[in-house]
Amino acid sequence: LILCQAHREGRVGDVTDHHSAHNGKRDPGLDHRVASPAPGNGPFPAFSWDTVPIFWHAANQTGPLSESALDFIARFPLATIEKFQAQQAAPPNTGAEAKIVAAAKQIKARNSSIKVLFYLNSIMDWDMYDLHTYCEHNSKQMWLYDDDGVPVRLRNQTVFNVTSAEVRQIWINTVLEADKSGYIDGAFVDRGNVPSRFPNYPIPDQKFADWNHGHDLQMVEIQKQLGPDKIVISNNADYDDVNARMFEKFFNDDFDGNAAYADLLALMHEATYPHLAEAHGEPCSEAVFNATLAAFLVGAGEYAYYACTSGWSVTTGWLDWHAEYSKPLGAP
């Protein structure tokens, strides 16, 4: 309650000097300016302090989104279609690109003002995508291999060889093709943060450094090629050239490696770019919900959005409405 009251009274303070809390990646050869939103919201979703600003991010693994789910999603200004969308529907475990676009079309038909994002992992070649089929047929080009000639895996998924500019462009083209549908407003890019190493794979330091640098370039290039009128959310990391970021386990041992208080400072800093920010409480117990919502209300600036669930499918809390979402809030 004290935290929420601090938000209402505007006591969150000036955080422009807290750049140490920002985990952005910088390259001296890149221009780090991000275009400010155009008049109105620009690329960003509708935003209001009237109630808690919230976002939606999930998939229905069994098939298209149901009518009741669409009615529910229509209440949100921002939605990401997760990789598992319609994974069990024909053709099973493939064609994720078209299935995500089909779900986006459903949402846009229900509420055309919602900003809908296409999910793509920046590191892991998830096998439900047509991109994965291409990678399998061109594995020596598309995948990262260790010095023993073994393809590197993360959570049993092969890893993109983002050291290669050609591989980065093929990856980006996956989103650009989806964008041509007219139903996609940008990309949610998972694994914005990179692992410190790939355990159990012999990779020389310079080779890993080159791969890491390629990943940084990929994150910047997708925003550049989509353009300033599109949203690119980097999960668990800030990039000054990318206009949005998610805190996947906000204020609760987040995957970005920051302590809870550092998460709060980083969220406060997002509004100084300006960046769009998503703060996700997980797993969504009562204690986690109360703590993360309170912290969000202290740190949130304009274009910050909140959610609390226990996963990324429609069965893990994304069709639950918390009573707090309907209570009047007011600007800080």
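The values are calculated or read from the model by the stated rules, or taken from the named source; none is laboratory data. These numbers were taken from a predicted model, which means no experiment stands behind them. Cβ: placed from backbone, ideal geometry, glycine included. Neighbour counts: every protein chain shown. The area values use the complete protein model at the heavy-atom level, side chains included, leaving out ligands, DNA and RNA. Shrake-Rupley method; radii C 1.70, N 1.55, O 1.52, S 1.80 Å.
Got a number for residues in region 127-143 being within 23 Å of residue 90 (Cβ to Cβ), of a type in the set (Phe, Trp, Tyr) and either open to solvent by less than 30 Å² (accessible area, probe 1.4 Å) or assigned to a strand (DSSP E or B) (or both)?
Restricting attention to region 127-143, the residues satisfying the condition of being within 23 Å of residue 90 (Cβ to Cβ) are 127-137.
Next, only the ones that are of a type in the set (Phe, Trp, Tyr) stay: 129, 134.
So of that shortlist, the ones also either open to solvent by less than 30 Å² (accessible area, probe 1.4 Å) or assigned to a strand (DSSP E or B) (or both) come out as 129.
Here the count works out to 1.
Mind counting the residues in region 172-220 that are in contact with a Lys or Arg (Cβ under 6 Å, 6 or more places away or on another chain) and under 29 Å from residue 106 (Cα atoms)?
Here the count works out to 3.
If a residue must be more than 18 Å from residue 209 (Cα to Cα) and in contact (Cβ under 8 Å) with a residue 12 or more places away in the chain, how many such residues does region 133-147 contain?
5
Quick test of your reading of the structure: residue 116 fulfils all but one of (1) open to solvent by less than 10 Å² (accessible area, probe 1.4 Å); (2) of a type outside the set (Ser, Thr, Tyr); (3) part of a helix (DSSP H, G or I). Name the failing condition by number.
(3)
Does residue 184 fit the bill of being surrounded by fewer than 19 Cβ atoms within 10 Å (Cβ to Cβ) and among the aliphatic types (A, V, I, L, M)?
Taking the combined requirement at face value, the residue does not satisfy it.
When region 112-135 is examined, which residues are found to be among the polar types (S, T, N, Q) and touching a Phe, Trp or Tyr at 6+ places or on another chain (Cβ under 9 Å)?
121, 122 - these are the residues of region 112-135 that are among the polar types (S, T, N, Q) and touching a Phe, Trp or Tyr at 6+ places or on another chain (Cβ under 9 Å).
I'd like the full set of residues that are surrounded by fewer than 20 Cβ atoms within 10 Å (Cβ to Cβ) and at positive phi, limited to region 75-94.
93
Looking for whichever is of a type in the set (Val, Ile, Thr) and in a helix (DSSP H, G or I) here; the options are 232, 298, 242, 314. Which one fits?
298
Does region 55-64 hold any residues that are over 23 Å from residue 228 (Cβ atoms) and either free of Cβ contacts under 8 Å to residues at least 60 places away in the same chain or in contact with a Pro (Cβ under 8 Å, 6 or more places away or on another chain) (or both), and which are they?
62, 63, 64
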